[in-house]
Every structure is written in structure tokens, then in C-alpha cells.
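The values are calculated or read from the model by the stated rules, or taken from the named source; none is laboratory data. Note that the structure is predicted; figures quoted are calculated from it, not measured. Reconstructed Cβ throughout: ideal geometry from the backbone, glycine too, with neighbour counts over all protein chains shown. The protein model used for the area step is the full one, side chains on, heavy atoms only, and it has no ligands, DNA or RNA in it. Shrake-Rupley method; radii C 1.70, N 1.55, O 1.52, S 1.80 Å.
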Amino acid sequence: MDGDELRRRNGVGPVAAIARMPTGAKVFLILSGALLPLALIAFLASLQTSRIADQEVRARLRIAISEAARSLRGELAWELREVRSALPTTPGAAPNCGRLAGLFEPQAAEGIRYAVLDPNKRLVCGQPLPSVAPTGEAVRTSPIHLLPGSGAQLEVTGPTGHTARAFFPTRFLVESASPTGMAGDFGLMLIAADRSVVLRDLTASGLFTRTETQIVDLNIEDLQLQMTVPSAPVTSSAIIAALSPFLMWFLAATIAWFVVDRLLIRPLRQLRTTVGAYQPGELIDPVAGSDIPAQEIRALGDTFRELSQTVQLHERDLAEGLSRQTKLTREVHHRVKNNLQVIASLINFHARVAVAPGALDAYASIQRRVDALAVVHRHHYAGFEDTRGIEIRSVIGELASNIRATAPDGNAVGIMLNIEPLLVSQDAAVAVSFLITEIVELAMLASPGAQINISTQTDAAKPDSATLRISSPALGDSPEFASLYEHRYGRVIGGLVRQLRSQLHHDPLIGAFELTIAITGRT
């Protein structure tokens, strides 16, 4: 047998766990597993639509940033080339201020300014422009310097020591870099190694706003252009479209579970409660037909009603038969009790006319045993309706009275009783009565006029048993006791102890017999 089969038989594993689940939960689980792939397919289709829209946005962004980079690259590269060309290349030569004036002064309205300085940093032409080139160990070699919040400035130093500076405001850079086909909102940023200038801010914002960003190299020193555009927005309709497959999956499984629970599980549960509360002799009356929507369950309820009617008729017949049987049994017990009394009376009659002492003792011994059986039978007949057991205290009390009454003259026996109100079965009561009779007679013969104590003791740790103790000095170690026990009483006493399924303990020093008997309760 493999491990899976063993786990299945022992109720371990996923199959056993599902088998223990309620039917409604099983229906919900099965429908969920069947519909979930469809919901996932629809959800993935919605995601694919969003991905296609994002790919279109990326494609348009790629075209737009390429155009913007090309335009800005051409503008800055041309300006840088013109500035370098205007600086003198030989000592004593003057910078070409007219060329720079013709280049930049027409664009002065847009905020573009320029300046040319001699080697002594005196203004030669243009407008004063402070130097923005960093100093120190980390001096940049790039002629283009980004000014966050302002724009960009060109600063070129020629071989003769002349310096040319040109400032381009952010507005000019934006106009130069704006793509012609980008009508919507977008953001632009000019990035260098250590600084960046925001040319245009992206105004679109929100909790579900998504953007696409691309960066291209301008191939001018270390400048890069970054463009950001809004991607396909995540709207409430898009969210609903993406989540609706899961909502439909959950609703379908829930509705199916609700229908099965209302039409099948709940009526079956009500019917099970009605059948579970059934008591012998009653009539099963399921819920009214209008309250059970399933026709098959109504038919099942009618079948239970018919079965309960049949069982009710059969139980009535059985009750009548049991009543007749009880009357017959009581009559049998009554006749047996009367017969035992007749036998005891006959033994008593013959004992009166007997002359030999041995015959009298024999009649008395037989009568004591018949009385022991009659006592038990009489108490069993008296408590016939009570099936808990026979009260051992009253049985032993009556038995002790009969023993004292049948004791021979000159051998009056004294019996002290300390018996708890215990209940035993009929078989145990018969065996205990015969055992007490045998041991008491053994004590009477071993020591005439013996005093005997009979007691019971219970232990709270063992509520289903009690200890029976019979003690007397006559039961101690003596030649008379040993001879009688070995040749006459030992075998009978041993058989009675085996019938009680117990062990007999004899203490020869104090003269006591003890054994454990089974009890059925207390009165």
C-alpha cells in the first residue's frame, strides 16, 4: 500500500480535507476553481489592452523626443560653433563682434544675451555676463553650463585668452526643443553630469496618473534630453473593466452557493434535525411542504414520515409483546420463588423428625444454601422492574438472619454487619450469598459460637468495584480450620471466587478473607 492510499484511508491529505468540508463549501470551491481561469483570462486581456496602449505612447514618445533632440542639438551645436568662430586665433587679432551681434541681437527679445571678454576679463562687446564655470579641483571642461531655473550658458575661451559667453533662457530652449507633432501635455528636462534644467513641467498629476519617460543623448558634450509624457490614464472605468472578471467570478460562485444552500443544503439540514430529534414511538413530521423548495427533499420527508408510521406500529406491537413477556417472566420468577420456599419447608419438616445429629447438621447445611438462593431470588423478583441490580446490603442482612436461625443448638453464631448500600448483578449476588454461607459455616464448624464480621469497603479511585471482607477468630490458622478447608470447603469456595472473577486473600493471623467484587452502582 503506497503512502497516498494510506493517507487517504487515515483521513489525511487534501482529498480527505475536502471530503470533511460542508457541501456548500465544496460547491463554492468547485465553482471558484472552474470560473477562476475565465476571470484570469479576461483580466489578462484587460492588461494586454493597457500594454498595447502603453506601447503606442512609447512609440509616439520615441518619435517626439528624437525630433526634439535633433532640433535642440542643431540649435546648440550651431550656436557653439558660431561662438568659437568669433574668437580670434592669433595674438593681436580682435574678436568678430559684428558676427556675434548679427547672430544674437535679433534674438535679444527672447532673452538671449552675449558677451566677449579680453584676456584681462574686460568687456569687449555685448552685455556683461557673470561666469558660471565652476572652479576648484572639479572644474568641468564642457563649454555648456546648465543653470537650474534660468537656462543654459555657453562659455568658450579661445587660444588668445579671449572669452565668449552666451546665455540662452529656458523659454528659448523650450521653443527649440518642442516637437511639432506633440499637441498634448509633456515635460522636458535638459540633463548634464552634475546639473539639470527643467524646460517644461508635466502638469498631469493624480493618484492614478502614469507617465512614460525616455532619455536621449544630444551628442553635445555630456548633455542629454529627457521627455516625459502621460501614459494611458488609469480611470475608474479601466479599474472596473480590469476587476469586473473577478467580481463576476465571485458573484457567480456566491450565487451558486446561495442557490444550492437554500434549495438543497438548508432543507436537508432541517430534515436531518427533525430526524435526529426522533424518539421511539414518535411520528416524524418534517417541515411543511411549502417551506421546502426542492420537490425531491419533500418526497424524502414524506418517506421518513411513512417509515416512522411503520416503526410506530411495529414498536406498539413490540411493546405489547414485551408486556406479555414481562408478565410471563414475573410469573416464572414467582413460581421459582414459591418452589424454593416449598423446598425449604420440606427440608425443615424432615429436619424436625430426624434423630441422628449428623442428619440434623446435614439438613441445616442444605437449608442454609437453599435459603441463600431463595433470598437472592426474592430480592431479584422484588426489584425486577429496576434493572440497575440487586442491593447487596439487604440480601446479606436477610442471609445473616437465616444463618443465625438455622444454627444448631449450642453453636449460636454472632454475625456483625457493616455493609454499604451497593448494587450488584444477579449472578454476583448468588455467588456472594453462597460464598458467605460457606465461609460462615466453615467458621461455625471450626469454632462453635464463633463471632463473624462481614463488611464492604469502596474506593473512590475504583467506582466499579468494592472489597468484601469476612473476618473471625475461627478463620485463623488452626488444625480444625485447615482440615475443614482442605477436605470440604476449599474447593467450593475456590469455585465461587472464580465465578466472581476475583482473587481470594486469606490472612491466617487475624482470620480474615478478602476479595474484590464488581458493583453496578449505589442506592
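How many residues does the stretch 65-96 contain that are out of contact with any His (no Cβ under 8 Å at 6 or more places or on another chain) and open to solvent by less than 30 Å² (accessible area, probe 1.4 Å)? Adding up the residues that qualify gives 10. Residues considered: Asp371, Asp361. Of these, the only one that is modelled with pLDDT under 80, surrounded by 18 or more Cβ atoms within 10 Å (Cβ to Cβ), among the acidic types (Asp, Glu) and within 25 Å of Val432 (Cβ to Cβ) is Asp371.
Okay, residues lined up against (1) acidic (Asp, Glu); (2) at pLDDT 75 or above:
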position: Met227; (1), (2): no, yes
position: Pro230; (1), (2): no, yes
position: Val234; (1), (2): no, no
position: Ser237; (1), (2): no, no
position: Ile240; (1), (2): no, no
position: Leu247; (1), (2): no, yes
position: Ala252; (1), (2): no, yes
position: Asp261; (1), (2): yes, yes
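Against the definition (free of Cβ contacts under 8 Å to residues at least 60 places away in the same chain and touching a helix residue (DSSP H, G or I) at 6+ places or on another chain (Cβ under 8 Å)), how does Ile452 come out, yes or no? Taking the combined requirement at face value, the residue satisfies it.
Of all residues in the stretch 103-124, those satisfying the criterion of being surrounded by 12 or more Cβ atoms within 10 Å (Cβ to Cβ), within 17 Å of Glu79 (Cα to Cα) and not charged (D, E, K, R) are Leu103, Phe104, Gln107, Ala108, Gly111, Ile112, Tyr114, Ala115, Val116. Regarding Ser478, is this residue open to solvent by 10 Å² or more (accessible area, probe 1.4 Å), among the small types (Gly, Ala, Ser) and farther than 19 Å from Ser394 by Cα? Answer is yes for this residue.
For beta carbons closer than 9 Å, sequence separation of 6+ or different chains, a first residue in the stretch 401-420 that is under 17 Å from Val432 (Cβ atoms) and a second that is in a loop (DSSP other than H, G, I, E, B), the qualifying pairs are Ile403/Val413.
Let's see how each residue does on (1) of a type in the set (A, V, I, L, M, F, W, C); (2) touching a Ser or Thr at 6+ places or on another chain (Cβ under 6 Å); (3) within 19 Å of Leu500 (Cβ to Cβ):
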position: Pro421; (1), (2), (3): no, yes, no
position: Ala431; (1), (2), (3): yes, no, yes
position: Leu435; (1), (2), (3): yes, no, yes
position: Ser447; (1), (2), (3): no, no, no
position: Ile454; (1), (2), (3): yes, no, yes
position: Gln457; (1), (2), (3): no, yes, yes
position: Lys462; (1), (2), (3): no, no, yes
position: Pro479; (1), (2), (3): no, no, no
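Put simply, of Ile265, Ile284 the only residue that is part of a helix (DSSP H, G or I), at pLDDT 75 or above, open to solvent by less than 90 Å² (accessible area, probe 1.4 Å) and more than 30 Å from Ala405 (Cα to Cα) is Ile265.
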